[in-house]
Amino acid sequence: MIAWLAGTDIGLLDLRTPTGSIRLGRAAASGEVIELGADDMQPDAALVAAPSVGVFLHAHPMRSKPLASVGEQVSAGQPVGLLQIGPLLRSVDAPLAGVIAEVRVDNGQTVGWGEPLLALQTIE
């Protein structure tokens with residue numbers, strides 16, 4: 001599977017079953033495929049994934065303030081970013097209430113469907 005993934009332009013492959021999961025991603029500098037384990041994600045963290053392909057924007061193009069910043073508390077359904085798909089802007093919403101723990105994608109970066117954009121620390 002690693003050899004196959006190395007020959008593609010897939011940045012992250014996340015396979016999950018009820019009994020386990022495997023995550024394979026690319027090292028940023030070398031492009032080498034590496035296995036990502038559970039230690040690579042904070043406990044009780046949820047990922048906000050790209051709902052489509054496009055260019056991820058932290059803020060609306062007409063505004064300078066990001067929709068959500070690290071450390072900010074957000075509610076379920078609240079916009080935390082935007083995906084620009086040609087002239088269309090599509091909202092990226094928090095799947096659940098939490099605190100933004102990490103922004104994983106740079107502003108203006110092209111992303112693929114399902115790519116992790118932000119990590120949320122869940123609120124209990």
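Read the figures in this text as sums done on the coordinates, not as results from a lab. Computed from a prediction, not measured in an experiment: that's the story for all the values here. Note that we place each Cβ from the backbone using ideal geometry, even for glycine, and neighbour counts take in every protein chain shown.
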Expressed in nanometres to one decimal, the distance between label points 7 Å along Cα→Cβ at Ser69 and Gln121 is 1.6 nm
Of the range 72-90, those with amide N under 17 Å from the point 7 Å along the Cα→Cβ vector of Gln109 are 80-84
